[in-house]
Amino acid sequence: MIKTISSRQLKKGMYIHELDCSWMKHPFARNQFKITDINDIKKIHSVGIKSLKIDTDKGLDLETDIEKKTPHTDIPSTPESKITSTPSNNLTKTRKDAKQIKNHAEQAISNIMADVKLGQQVEMEQVTPVVDKMAESVLNNHNALLGLSRIRSMDTYTFEHSVNIGVLMMSFTKSRGMPKEIIQEVGIGGLLHDIGKALTPTEILNKAGKLTDEEFVIMKNHVVDSRLILLNTPGISQNALDVAALHHEKYDGSGYPDGKKGDEISIVGQMSAIVDVYDALTADRCYHKGQDPSVVLKRMLSWTGAHFNPQLMHEFIQCVGIYPPATLVMLSNHYLAVVIENNSNLLLPRVIAVLNTKTNETIEPKVVDLSKQDKLKVISSESDQKWNIDPQKYLDMV
């Protein structure tokens, strides 16, 4: 729901739909964005904005569900059931830091693509500090950034997709036990893998319908453009280049631009092909609705041996989990819950229960580790929009 509020009512977690001033008069890179830092609110006040519009479907309302009085629930009481500000794994601070890192990364790739459109060279100095922070977050707790990779908007797809590929590639690399140096290199490759799209005509890049054969040929050129741009970037690594140059190649040789197959594609290139398809299929686009991660993973498993290396595909599922962080799930007691992080048993993640679907009543959020429950389990993944629930709001609590 779009709602007009006073700027004095702003708080972290709200999603700005429209600022009551022209784009040239406010200090933000985008007209629509979520408030993630108190300094964003201070900036809005500093330029004299008195009122604005928020989107309560994408962010907090004036009164959140958590602030309402809620009835007693039958969610099992466990040592973790109370939400505290200092959890043992320090996940609260990790998520807060991860959110800032993701925002900085999106701004960085936005600036870089703008520079490339103007014919300027990619400067590693713009990328390396951001990727260093991403690597630190991934090595600390990759669930924090993975959860954020599920939260995005349609109008910033290109930037968010690039950041998500960086996050997913770094998490995938970490889960395979590869060294920090390679984790950083694939992070750079992920951020820059679609840099060639800066040269793709906007009307093709953002076309709502199916591309014609001629338009698809032009679209595919972004891979060649990305490779050429990065080949001329001082300090770029081979691993970073492989992410950009090989993410549309397929294991059976049916991909593009070179039709490479099997071992002709580097391991990093094979990993990037898996990651790129996964993120694209789970995203909302102007021409299709993003699918649930568990559905996407099942589809991708059916394509192994053709599109993907079977062993790497199974390793990727172990990395992201069947129910990745920020996924909304239905529990066997008919409560809705948001996945916080995965356990070794991918079917029994750690979750935060938020809604009793039998009574349609919002409950006091409670953390439950399903791996420690005898009977409680996930029975399905659910649509955020169907239930009008913002998973990020609850992830910010833990």
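The values are calculated or read from the model by the stated rules, or taken from the named source; none is laboratory data. This one's a predicted model, so the numbers in the text were calculated from it and none came from an experiment. All Cβ positions, even for glycine, are placed from backbone atoms using ideal geometry, and neighbour counts span all protein chains on display.
Considering only segment 200-210, I want to know if a residue exists there that is among the aliphatic types (A, V, I, L, M), part of a loop (DSSP other than H, G, I, E, B) and in contact (Cβ under 8 Å) with a residue 60 or more places away in the chain.
Of the residues in segment 200-210, the ones among the aliphatic types (A, V, I, L, M) are 204-205, 208.
After this cut, where a residue has to be part of a loop (DSSP other than H, G, I, E, B) as well, the list is 208.
Narrowing further to those that are in contact (Cβ under 8 Å) with a residue 60 or more places away in the chain: 208.
Looking for residues that are among the aliphatic types (A, V, I, L, M), part of a loop (DSSP other than H, G, I, E, B) and in contact (Cβ under 8 Å) with a residue 60 or more places away in the chain, one finds at least one in segment 200-210, hence yes.
Looking at 44, 38, 66, 54 in this structure, which one is at pLDDT below 85, of a type in the set (A, V, I, L, M), over 15 Å from residue 394 (Cα atoms) and surrounded by 13 or more Cβ atoms within 10 Å (Cβ to Cβ)?
That would be 44, the only listed residue that is at pLDDT below 85, of a type in the set (A, V, I, L, M), over 15 Å from residue 394 (Cα atoms) and surrounded by 13 or more Cβ atoms within 10 Å (Cβ to Cβ).
Tally time: how many residues in segment 275-331 are of a type in the set (Asp, Glu) and over 18 Å from the mean Cα position of the chain (by Cα)?
So the first thing to find is which residues in segment 275-331 are of a type in the set (Asp, Glu), and the list is 276, 279, 284, 292, 315.
Next, only the ones that are over 18 Å from the mean Cα position of the chain (by Cα) stay: 315.
Looking only at that region, the number is 1.
Please go through segment 275-330 and pick out each residue that is among the basic types (Lys, Arg) and under 21 Å from residue 378 (Cα atoms). Write out each step before concluding.
As a first pass, look at segment 275-330 and keep what is among the basic types (Lys, Arg): 285, 289, 298-299.
Matches in segment 275-330: 298, 299.
With under 17 Å from the mean Cα position of the chain (by Cα) and of a type in the set (Lys, Arg) as the only criterion, which of 393, 386, 375, 366 stands out? Even if it seems obvious, please write down each step before you answer.
On the way: 386 fails: under 17 Å from the mean Cα position of the chain (by Cα); 375 fails: under 17 Å from the mean Cα position of the chain (by Cα); 366 fails: under 17 Å from the mean Cα position of the chain (by Cα).
After ruling out the rest, the residue left standing is 393.
Among the residues of segment 332-354, are any touching a residue at least 40 places away in the same chain (Cβ under 8 Å), under 28 Å from residue 165 (Cβ atoms) and not in a strand (DSSP E or B)?
For segment 332-354, residues touching a residue at least 40 places away in the same chain (Cβ under 8 Å), under 28 Å from residue 165 (Cβ atoms) and not in a strand (DSSP E or B): present.
Among the numbered criteria (1) touching a His at 6+ places or on another chain (Cβ under 9 Å); (2) at pLDDT below 95; (3) not aliphatic (A, V, I, L, M), which one does residue 193 miss?
(2)
Among the residues of segment 95-128, count how many are outside any helix (DSSP H, G or I) and farther than 27 Å from residue 146 by Cβ.
Keep residues of segment 95-128 that are outside any helix (DSSP H, G or I), which gives 118-123.
Pick out the ones that are also farther than 27 Å from residue 146 by Cβ and you get 118-121, 123.
Of the residues in that region, 5 qualify.
Tell me whether segment 186-197 contains one or more residues that are outside the structural domain of residue 58 (by TED's automatic domain parsing) and in contact with a Pro (Cβ under 8 Å, 6 or more places away or on another chain). If you could, list the steps in order and put the result at the bottom.
Step one: list which residues in segment 186-197 are outside the structural domain of residue 58 (by TED's automatic domain parsing), which gives 186-197.
The next check asks that each one be in contact with a Pro (Cβ under 8 Å, 6 or more places away or on another chain); those that pass are none.
No, segment 186-197 contains no residue that is outside the structural domain of residue 58 (by TED's automatic domain parsing) and in contact with a Pro (Cβ under 8 Å, 6 or more places away or on another chain).
Being assigned by TED's automatic domain parsing to the domain that holds residue 205, without any contact (Cβ under 8 Å) to a residue 60 or more places away in the chain, at negative phi and assigned to a helix (DSSP H, G or I): is that true of residue 243 here? Don't jump to the end; show me each part of the working.
Numbers: assigned by TED's automatic domain parsing to the domain that holds residue 205: yes; without any contact (Cβ under 8 Å) to a residue 60 or more places away in the chain: no; at negative phi: yes; assigned to a helix (DSSP H, G or I): yes.
It is false that residue 243 is assigned by TED's automatic domain parsing to the domain that holds residue 205, without any contact (Cβ under 8 Å) to a residue 60 or more places away in the chain, at negative phi and assigned to a helix (DSSP H, G or I).
How many residues are in contact with a helix residue (DSSP H, G or I) (Cβ under 6 Å, 6 or more places away or on another chain), modelled with pLDDT under 95 and assigned to a loop (DSSP other than H, G, I, E, B) if we restrict to segment 290-326?
Within segment 290-326, residues that are in contact with a helix residue (DSSP H, G or I) (Cβ under 6 Å, 6 or more places away or on another chain), modelled with pLDDT under 95 and assigned to a loop (DSSP other than H, G, I, E, B) number 6.
Cβ-Cβ below 8 Å, separation at least six or inter-chain, first residue in segment 110-126 and surrounded by 14 or more Cβ atoms within 10 Å (Cβ to Cβ), second of a type in the set (Gly, Ala, Ser): which pairs?
110/29; 113/198; 116/198; 124/235; 126/108
For the subset of segment 254-313 comprising residues that are in contact with a strand residue (DSSP E or B) (Cβ under 8 Å, 6 or more places away or on another chain) and of a type in the set (Gly, Ala, Ser), which member is nearest to residue 174 (Cα to Cα)?
If we take residues in segment 254-313 being in contact with a strand residue (DSSP E or B) (Cβ under 8 Å, 6 or more places away or on another chain) and of a type in the set (Gly, Ala, Ser), then 273 is nearest to residue 174 (Cα to Cα).
For the condition part of a helix (DSSP H, G or I), at pLDDT below 95 and crowded, with 22+ Cβ neighbours inside 10 Å, what is the one hit in 161, 222? Break it down stepwise before answering.
Values: 222 fails: at pLDDT below 95.
Of the residues listed, the single one that is part of a helix (DSSP H, G or I), at pLDDT below 95 and crowded, with 22+ Cβ neighbours inside 10 Å is 161.
Only one of these is outside the structural domain of residue 281 (by TED's automatic domain parsing) and under 20 Å from residue 144 (Cβ atoms): 388, 342. Name it.
On the way: 388 fails: under 20 Å from residue 144 (Cβ atoms).
Just a single option satisfies the conditions, and that option is 342.
Identify the residue in segment 267-289 that is part of a helix (DSSP H, G or I) and among the acidic types (Asp, Glu) and, among all such residues, is modelled with the highest pLDDT. Please lay out each step first, then the result.
Applying the first criterion (part of a helix (DSSP H, G or I)) to segment 267-289 yields 267-282.
Filter once more, keeping what is among the acidic types (Asp, Glu): 276, 279.
Details: 276: 96, 279: 93.
Among residues in segment 267-289 that are part of a helix (DSSP H, G or I) and among the acidic types (Asp, Glu), the one modelled with the highest pLDDT is 276.
Test residue 264 against the criterion of being surrounded by fewer than 19 Cβ atoms within 10 Å (Cβ to Cβ) and modelled with pLDDT of 95 or more, and give yes or no. If you could, list the steps in order and put the result at the bottom.
Working: surrounded by fewer than 19 Cβ atoms within 10 Å (Cβ to Cβ): yes; modelled with pLDDT of 95 or more: yes.
Criteria met by residue 264.
Please specify each residue of segment 76-135 satisfying the condition of being among the acidic types (Asp, Glu) and modelled with pLDDT of 75 or more. Full working, then the answer.
We begin by selecting, within segment 76-135, every residue among the acidic types (Asp, Glu); these are 80, 97, 106, 115, 123, 125, 132.
Listed by number, the residues that qualify are 97, 106, 115, 123, 125, 132.
Take residue 186 and tell me if it is among the hydrophobic types (A, V, I, L, M, F, W, C), at pLDDT below 95, in a helix (DSSP H, G or I) and surrounded by 14 or more Cβ atoms within 10 Å (Cβ to Cβ). If you could, list the steps in order and put the result at the bottom.
Numbers: among the hydrophobic types (A, V, I, L, M, F, W, C): yes; at pLDDT below 95: no; in a helix (DSSP H, G or I): yes; surrounded by 14 or more Cβ atoms within 10 Å (Cβ to Cβ): yes.
The answer is no for residue 186.
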